[in-house]
Structures are given as structure tokens and as C-alpha cells.
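Scroll down for the structure; my scribbles are underneath it.
The values are calculated or read from the model by the stated rules, or taken from the named source; none is laboratory data. None of these values were measured; they are calculated from a predicted model. Cβ sites come from the backbone with ideal geometry, for glycine too, and all protein chains shown count toward neighbours.
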Amino acid sequence: MTAIMQTGAPTAAKAVPVLKRRSPYPAWFFLPAAIIYGLLFLLPTLASLYFSLTRWTLFNSTFIGLDNFAQFMREPFLVKGLINTVIYAVITSGLKVVLGLALAVLLTSQIAARGYLRSVVFFPVLVSTVGVGITFTVLMHPTQGMINEGLALLGIDGPGWLVDPNLALFSVALVDVWKGVGLATVIYIAGIVAIPQDYYEAARIDGSTIWQSFLYVTLPLCRPATVTVIILSFIGGLRTFDLIWAMTRGGPGFASDTIASVIYKQYQAGFYGLSTAGNVVLFVLIAVLVIPLTMWLNRREGHE
Amino acid sequence: MTKTSRRTTLFGFTAALLAMTALSSAASAQSISMTYLIPSGADGVAVAEELVKSFEAANPDINIDIETRPGGSEGDNLVKTRLATQSMADIFRYNSGSLFQAINPQQFLVDLTNEPWQADVQASFKQVVTAPDGTVRGAPMGAAMGGGIYYNRAIYEELGLTVPKTWAEFMANNEKIKAAGKVAVIQTYGDTWTSQLFVLADFYNVSAADPDFASRYTANEAKFATEPAALRGFEKLQETFEAGLFNEDFGAAKYDDGLRMVAAGEGAHYPMLTFATTAIAASYPDMLDNVGFFAQPGDDAASNGLTVWMPDGIYIPQTTSNLDAAKKFVAFVASVEGCEAQTRAGGASGPYLINGCTLPDDVPPAVTDMLPYFAEGGQNGPALEFLSPIKGPALEQITVEVGSGIRTAADAAALYDEDVRKQAQQLALPGW
């Protein structure tokens, strides 16, 4: 061992100067980007760390140590909001993976009007989230909404999609999937198109069925696309706010509150220090959940 | 284009700009231009436009531009941000009472204590725009409001009901209305703020039973959960839900639906603040005579009285560069001509807080019903938010839960007490 390390050391030492070769561009080229990054990102982040430790009225602030974090953890609905956030992220990212992959397989096969269907699937991604939220709020109205009126024609008594506390979060999650599945589909289409046709031909010669080709060729080879879709939609789900706010405002009561909506409500109420503390909590939560997830997904990919 | 000629062009352009600026400032030397920030909403904008029009007619050298902002807590943040960044309009309209205290009036608003028109402003209003140092910083904008219950007079007539003086009578009326196959109580949780009325409008009954509640509440000595009188508001909401009196779509209906339903007789009762009279007059003018109003009844007929909301104030921020003109406008709003302009634009919705202002004879029934509470022998008292700076921000979600059967009244009151603690700490009140 020691011997190997000793013999290895000189090589590394020799390699360093090569890596550290002067860049052809002077260091001050970094300055514009560094200033923008520092002013618009680093400074506010550090300031928010400080303000999360204060009771802040915008006009003045009092240092109160970790009281905001204690208060935030005591928020009666924080625990519920945390659970809701995770449920929401899992549901939306799970459904986006399944539906996105299914749609992508369909839209890469030889079907009529393929280009048209691809744009139809992608179209909801382009629409404003708040607009989608308001539209679906109208569609999901318990008595006058088009969804329940349609169900009534079939003799089904539709539920109160957004006003039933047990259902509200799931209704919003479904709308999120409807709106976001187009993006997942596009990522999957790109992944599937990149798989060389040779593999499918080889599989066919070996006598594989369509289902087997999907299971043993398409699925493993579009893993990078799956990783991207999961990470993007999981982070999106964790910090989701706009759709929830447009559709239920966390209601009825607190039934569909997520961390982001809890934070926003603290901000709205003028508890600026408390809501900043909430943002720090959200930042930590996303980091704690997503960094291991990314590492795990990427490691599996590397091993194959 | 060479470098030199480009520079010359640039120079010429700058010179032209400078000349234009000089011209326009010369023009504004003759007339003063000011901005007036108000919350958006059709009726409020109409009133502001009428006020500005009448004021400009009398003061041709002053020109006022109306700016609008969102209402609710979004608007609160906007007002605080503009004050903190010294970019507030020359005059602005904002709530009085607890929200007024939260914008740091002492630091940001011009002291109006010694303006001559203050002599005609009623003391009950001055009290709610007084900064902690005892100076008055605003003038009343709009009429006093009551919190109570709108009722459909046609339904009352048809079923032979009388206006209830106690909660038991109210519930008995509700049962009869329900038995007749009609919606007895309208609730509109699509706009969550409308869910708070049963609790907030019960405050006259709270203070009738417990006169010191507000001060003990501010001092962290009295709680909603532990004072039976205060808990009643939450219980009343729970009772109406459990009796199955609500409209079918109460979870999704909005404020405007509520107004339509009570005006058109789709429902019998709608708990609301009387500013809604203006909105009903604007949207359903031909049904306005169908709508009556009464105070939220307590448990004792002898102490039946109205919970009163003070109107918004108008304020001048210290950053204004047109102080004299701004003061002139505020004086106009706080004058009899000001009241008349407001009535012209929005109709009368209640008594004004300026001495000498009168209401026209043909006010709608909902306003007529409200006046006895203000007359001799009538009983009224301010809502809690004018007696205490503390109002918990989550009340509307909590009352939605009670009104939807998700949470019991006792549990909700305890949760609200917890919510209130944050506000008290934010305001750095002693004893919290």
C-alpha cells in the first residue's frame, strides 16, 4: 500500500502543473458574473440567514436567536404541511414518470398525427400556472363545475374536489401532473430517440416481444431521462406553491397546506423573520432530500 | 458612423431630453401633481374618482392621480414596503385600528392632530388613528360599518318571521326557513375572509358580558378558549354548521355569490360587514330593497347591540413633497362636501364620522336598519380589532374549519389563541 502511494505521489505532483496551466483569459473576466452572483444570490442568502434569527418588521429588527425556528416548528400545521409536501412531491413525480414514459413510448411509435399529438401533450406546459389553477378551480366547482356536471350526466354524484379536506391535495396534485407531464414526456422522447435502433433489431432477432423490448431495452437505456424527470419533478413538487395558492390557498382550512404556502402565509401576515426562518428550513429540507436522491440515482447509473 | 459623430448624436439627444425635462417642470410649477393610493375594487375606485373630481373642481391648480393596489394582506405588504422604501404616494387610504398600528404611524405618517377640521371628526374615529404617542395621524374615509347579518326581507315576509333579538330566536327562524325548503344561512368559503363574521361580529356580545375582555386579551390575561363569552362566537358557527343550514356549495361559493344569494332570496341570512350594501347597490340595484340587516344576536335580548367597524383612514406619509396640497385634499375628504361626494358616488352605507354630515332620505333598508343602533337608546360597540392591536392572521382558515365541520369550536378557539401569540410577539407587546 505505502509503496503504491509513494510511487503514485510523484506522478500526481507532475500532473498538477498541467492542470494549473494559466487560463488564456485573465481572472477579472470572472468579475461581472461574480458581482451579479454575489449581489443577487450570495448577499440575500447570507442576509436571510441573519434575518431568520430576528423578529423583523421591515422597519426594524430585533435579534431573538433561534426563537423563530422554535416557533416555526411549533406551527400547528407545519407537521401537516411537511407531510403534505412530501405526499405531493411523491405523487406528482411518480405520476409524471409513469405517464410521461407511457406517452413518450406512444409518441415515438408510428402513429397518425404524431407531431400534432406531441404538441398537444406539451401545450399545458406553456400555459401560466395561475391561469391553469383558476381554470381548474372553476371546472372543479362542487355544484356548477363542468367536471361534476359531466359526472352527473352519467349518474355519478361527483365529490367536492377542492372543498373536501381529504381530497383537495390530491386534486391539486392531479392538475399539477396534467400541467407538467408534457415536460416529462419531452425529456423521455429525447431519451428514447437517442437509443440506437440496433438494440431493438438485435432483441427482435432474439425473439423478444414488444413488451420485452420495452422492459429490457427502452427502460434501462432511458435511465438518464428518468433521473432527470424524477429530480426535476421532485424538487418542483417540494417547493410547489403557485398552483396550490391559485387553487386552494392551502385550504379548506389547512388541509392542502405545503411548506411553501405556510411560509407565504407567515410573510403575508407580516412575520418577516418567521417566514425567512421557514425559507431556511425549506432550503435545508430540499437539500437533505434531494442531494442523497441525486447521488443514489446517479451512482446506480454509473454502475451499469 | 464614426465615434465622434456618435458622440455628437448622443450629446444632442441628451440636450433634447434636458430641454424637455425643463419644459415639463416649468409646466408643473403652475399646477401641483399628486398621487393617491387606494385599494382596488369597483366601489372604492368610484368613490375616489368622485372625491378627486369634486376636489379638482374646487382646486384647479392641483391634479391628483389615483393609483390602486390589491386589498387584503397582499395590500398590507405593499403599503409596508412602500413606506419602508420611502416610495409611498402623497396620500393613501388604509385601514384604521390594529392594521394602522402595524405600519408604524409615528415614524412614517404626518401628524394631523392640529388640523382645523379635526374639530368635526368624531372622537370614536380619532381613537383608531391615534399613534402610540397620542397624536392623530389620519382622517376618516368612508362611513362607519356594522358587522352583523343581512337578511332577505321577502323570505321573512313570506314565512312571517320577525327580526331576532336573541341567538335562540335566530336559530328558531333558521329552522323555519330550512323547513320551508330554503337555504337559511349563506356561507362563502371560496373567499375565506368571509368565514370570520360569526366570530368577529359577536364581539359586542363579548364585551357586553365581559367589558374588560379587550384589555385583558391584549395583556395576555384573557383567552378565547377559556372565556365562555368569547368562545360563543366559535360555538355559534359550529351550531349553524351542525344544524345543516348552509347552502350546498358553501365551500366554493364566493363573496359575490353570497351577495347575489341574499339579494335574490336564494338564501335567507348572510353574515357580513355592511360595506356590502354599496356592492349590492352596484351589482343588484333592483333587488336592494329586498335586503335588510340586523346585529348578530347574543344570548340576552336586553343587551342586543351592534359590533361596529370604523372606516379606513386617509393618511399622508412624511416623504410627500406636496404636503400643503395633500393636507388640502385630506381636509376636503373630512368635510361635509367630502361626505356628499362619497354618497354621490357609492350611495350611503352607514353614518359618517364627521359632524354635520347627513344621510339622504332615500337610503336602502339595510342602512335604515342599521341606524337605530347608532341613535339614542341604541347600543353599539367597536370590534375587537379597534380595541386591541392583536389579530391573529390564521383566523379565517380556522373559521373555515369550524364552518366545514373539520374542527370543533373549543379546539379552534385554543388554536386561535396560539395564532394570536405570534402577532403579539411581533408587535413586542408587554406580557407575551
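For segment B:303-345, which positions are of a type in the set (A, V, I, L, M) and crowded, with 18+ Cβ neighbours inside 10 Å? Walk me through how you get there before you give the answer.
Initial filter on segment B:303-345 (of a type in the set (A, V, I, L, M)): B:306, B:308, B:310, B:314, B:316, B:323, B:325-326, B:330-331, B:333-334, B:336, B:341, B:345.
Of everything in segment B:303-345, those that are of a type in the set (A, V, I, L, M) and crowded, with 18+ Cβ neighbours inside 10 Å turn out to be B:Leu306, B:Val308, B:Met310, B:Ile314, B:Ile316, B:Ala325, B:Ala326, B:Val330, B:Val333, B:Ala334, B:Ala341, B:Ala345.
Just to check your reading of the model, which residue among A:Leu215, A:Leu183 is closer than 28 Å to A:Trp296 by Cβ and surrounded by fewer than 19 Cβ atoms within 10 Å (Cβ to Cβ)? Please lay out each step first, then the result.
Details: A:Leu183 fails: surrounded by fewer than 19 Cβ atoms within 10 Å (Cβ to Cβ).
Result: A:Leu215 is the single residue among A:Leu215, A:Leu183 that is closer than 28 Å to A:Trp296 by Cβ and surrounded by fewer than 19 Cβ atoms within 10 Å (Cβ to Cβ).
Does segment A:213-224 include one or more residues that are part of a helix (DSSP H, G or I), more than 14 Å from chain B (Cβ to nearest Cβ), free of Cβ contacts under 8 Å to residues at least 40 places away in the same chain and basic (Lys, Arg)?
no
Condition first: within 30 Å of the chain's Cα centre (by Cα) and more than 21 Å from A:Ile235 (Cβ to Cβ). Can you find one or more residues in segment A:183-191 that meet it?
Keep residues of segment A:183-191 that are within 30 Å of the chain's Cα centre (by Cα), which gives A:183-191.
Going one step further and asking which of them are more than 21 Å from A:Ile235 (Cβ to Cβ), we end up with A:189.
Yes, because at least one residue in segment A:183-191 is within 30 Å of the chain's Cα centre (by Cα) and more than 21 Å from A:Ile235 (Cβ to Cβ).
Could you list, in sequence order, the residues of segment B:417-428 that are at the interface with chain A (Cβ under 7 Å from one of its Cβ atoms) and among the basic types (Lys, Arg)?
B:Lys422
Quick one: B:Ala302 ticks every box in (1) in a strand (DSSP E or B); (2) closer than 20 Å to B:Gly233 by Cβ except a single one, so which number is it?
Going through the list (1) in a strand (DSSP E or B); (2) closer than 20 Å to B:Gly233 by Cβ, B:Ala302 breaks only (1).
Name the one entry in B:Ala263, B:Ala282, B:Ala268 that is away from every other protein chain (no Cβ under 14 Å), within 21 Å of B:Asn152 (Cα to Cα) and surrounded by fewer than 20 Cβ atoms within 10 Å (Cβ to Cβ). Show your work before the answer.
Working: B:Ala263 fails: surrounded by fewer than 20 Cβ atoms within 10 Å (Cβ to Cβ); B:Ala268 fails: surrounded by fewer than 20 Cβ atoms within 10 Å (Cβ to Cβ).
After applying the criteria, what remains is B:Ala282.
Scan B:Asn77, B:Asn95 and give me the residue that is within 21 Å of the chain's Cα centre (by Cα), within 14 Å of another protein chain (Cβ to nearest Cβ), crowded, with 16+ Cβ neighbours inside 10 Å and closer than 23 Å to B:Ala348 by Cβ. Talk me through it step by step, then tell me what you get.
Values: B:Asn77 fails: closer than 23 Å to B:Ala348 by Cβ.
One residue alone meets the criteria, B:Asn95.
Looking at A:Ser233, A:Ser213, A:Ser261, which one is hydroxyl-bearing (Ser, Thr, Tyr), more than 27 Å from A:Asp67 (Cβ to Cβ) and in contact with a Gly (Cβ under 8 Å, 6 or more places away or on another chain)?
It is A:Ser233.
If we scan segment B:347-366, do we find a residue that is in contact with a strand residue (DSSP E or B) (Cβ under 7 Å, 6 or more places away or on another chain), among the polar types (S, T, N, Q), surrounded by 21 or more Cβ atoms within 10 Å (Cβ to Cβ) and not in a helix (DSSP H, G or I)?
yes
Suppose we filter segment A:232-274 for residues that are among the hydroxyl-bearing types (Ser, Thr, Tyr), part of a helix (DSSP H, G or I) and out of contact with any strand residue (DSSP E or B) (no Cβ under 9 Å at 6 or more places or on another chain); how many remain?
Keep residues of segment A:232-274 that are among the hydroxyl-bearing types (Ser, Thr, Tyr), which gives A:233, A:240, A:248, A:256, A:258, A:261, A:264, A:267, A:272.
When the remaining residues are screened for being part of a helix (DSSP H, G or I), the result is A:233, A:261, A:264, A:267, A:272.
Subset that is out of contact with any strand residue (DSSP E or B) (no Cβ under 9 Å at 6 or more places or on another chain): A:233, A:261, A:264, A:267.
The qualifying residues number 4.
Considering every residue within segment B:131-138, establish whether at least one is within 14 Å of another protein chain (Cβ to nearest Cβ) and not in a strand (DSSP E or B). Quick ask: steps written out before the conclusion?
Of segment B:131-138, the ones within 14 Å of another protein chain (Cβ to nearest Cβ) are B:131-132.
Keeping just the survivors that are not in a strand (DSSP E or B) gives B:131-132.
For segment B:131-138, residues within 14 Å of another protein chain (Cβ to nearest Cβ) and not in a strand (DSSP E or B): present.
Restricting attention to segment B:367-395, which residues are within 13 Å of B:Phe294 (Cβ to Cβ) and touching a strand residue (DSSP E or B) at 6+ places or on another chain (Cβ under 6 Å)?
The answer is B:Asp369, B:Met370, B:Tyr373, B:Asn380.
Run A:Val229 past the list (1) more than 14 Å from the chain's Cα centre (by Cα); (2) part of a helix (DSSP H, G or I); (3) buried (at least 23 other Cβ atoms within 10 Å of the Cβ) and report the number of the one that doesn't hold.
(1)
Of a type outside the set (S, T, N, Q) and out of contact with any helix residue (DSSP H, G or I) (no Cβ under 8 Å at 6 or more places or on another chain): is that true of A:Leu167 in this structure? Lay out the reasoning, then the answer.
Details: of a type outside the set (S, T, N, Q): yes; out of contact with any helix residue (DSSP H, G or I) (no Cβ under 8 Å at 6 or more places or on another chain): yes.
Here the answer is yes, as A:Leu167 does meet what is asked.
Does any residue of segment B:387-398 turn out to be in a helix (DSSP H, G or I), surrounded by 18 or more Cβ atoms within 10 Å (Cβ to Cβ), within 14 Å of chain A (Cβ to nearest Cβ) and among the β-branched types (Val, Ile, Thr)?
Step one: filter segment B:387-398 for residues in a helix (DSSP H, G or I), giving B:387, B:395-398.
In the following step, the residues that additionally are surrounded by 18 or more Cβ atoms within 10 Å (Cβ to Cβ) were identified as B:387, B:395-398.
Remaining after also requiring within 14 Å of chain A (Cβ to nearest Cβ): B:395-398.
Okay, now just the ones that are also among the β-branched types (Val, Ile, Thr), so B:398.
Yes, segment B:387-398 has at least one match.
So, B:Gly148, is that one away from every other protein chain (no Cβ under 14 Å), within 26 Å of the chain's Cα centre (by Cα) and free of Cβ contacts under 8 Å to residues at least 24 places away in the same chain or not? Don't jump to the end; show me each part of the working.
Details: away from every other protein chain (no Cβ under 14 Å): yes; within 26 Å of the chain's Cα centre (by Cα): yes; free of Cβ contacts under 8 Å to residues at least 24 places away in the same chain: no.
Answer is no for this residue.
At pLDDT 85 or above and within 14 Å of chain B (Cβ to nearest Cβ), is that true of A:Arg55?
Details: at pLDDT 85 or above: yes; within 14 Å of chain B (Cβ to nearest Cβ): yes.
Yes.
Taking segment B:399-416 as the region of interest, how many residues are assigned to a helix (DSSP H, G or I) and within 11 Å of chain A (Cβ to nearest Cβ)?
Pass one, segment B:399-416, residues assigned to a helix (DSSP H, G or I): B:399-403, B:409-416.
From what is left, the residues that are within 11 Å of chain A (Cβ to nearest Cβ) are B:399-403, B:411-412, B:414-416.
The qualifying residues number 10.
Of the numbered conditions (1) touching a residue at least 12 places away in the same chain (Cβ under 8 Å); (2) over 13 Å from B:Ala413 (Cβ atoms); (3) within 14 Å of chain A (Cβ to nearest Cβ), B:Leu237 satisfies every one except a single condition; which is it?
Result: B:Leu237 passes all but (2).
Contact list please: Cβ distance under 8 Å, first residue in segment B:202-213 and in the same structural domain as B:Glu227 (by TED's automatic domain parsing), second residue part of a loop (DSSP other than H, G, I, E, B) and charged (D, E, K, R), pairs at least six apart or on different chains.
Here the result reads B:Asn205/B:Asp299; B:Val206/B:Glu227; B:Ala208/B:Asp300; B:Asp210/B:Glu227; B:Phe213/B:Glu227, each pair linking segment B:202-213 to a residue that is part of a loop (DSSP other than H, G, I, E, B) and charged (D, E, K, R).
Step by step: first the residues of segment B:158-172, then only those that are free of Cβ contacts under 8 Å to residues at least 24 places away in the same chain and in contact with a helix residue (DSSP H, G or I) (Cβ under 9 Å, 6 or more places away or on another chain), then the one that is surrounded by the most Cβ atoms within 10 Å (Cβ to Cβ). Which residue is that?
So the first thing to find is which residues in segment B:158-172 are free of Cβ contacts under 8 Å to residues at least 24 places away in the same chain, and the list is B:158-162, B:172.
Retained after the next criterion (residues that are in contact with a helix residue (DSSP H, G or I) (Cβ under 9 Å, 6 or more places away or on another chain)): B:159-162.
On the way: B:Leu159: 14, B:Gly160: 7, B:Leu161: 18, B:Thr162: 8.
Restricting to residues being free of Cβ contacts under 8 Å to residues at least 24 places away in the same chain and in contact with a helix residue (DSSP H, G or I) (Cβ under 9 Å, 6 or more places away or on another chain), the top hit is B:Leu161.
Name, by its number, the condition in (1) within 14 Å of chain B (Cβ to nearest Cβ); (2) within 19 Å of A:Ile291 (Cα to Cα) that does not hold for A:Ile244.
(2)
Checking A:Ala89 against (1) within 14 Å of chain B (Cβ to nearest Cβ); (2) surrounded by 15 or more Cβ atoms within 10 Å (Cβ to Cβ); (3) hydrophobic (A, V, I, L, M, F, W, C); (4) out of contact with any strand residue (DSSP E or B) (no Cβ under 7 Å at 6 or more places or on another chain), only one condition comes out false. Which one?
(1)
Which of (1) within 14 Å of another protein chain (Cβ to nearest Cβ); (2) touching a residue at least 12 places away in the same chain (Cβ under 8 Å); (3) within 30 Å of A:Thr137 (Cβ to Cβ); (4) assigned to a loop (DSSP other than H, G, I, E, B) is the odd one out, the single condition B:Ala225 does not satisfy?
Among (1) within 14 Å of another protein chain (Cβ to nearest Cβ); (2) touching a residue at least 12 places away in the same chain (Cβ under 8 Å); (3) within 30 Å of A:Thr137 (Cβ to Cβ); (4) assigned to a loop (DSSP other than H, G, I, E, B), the lone unmet condition for B:Ala225 is (3).
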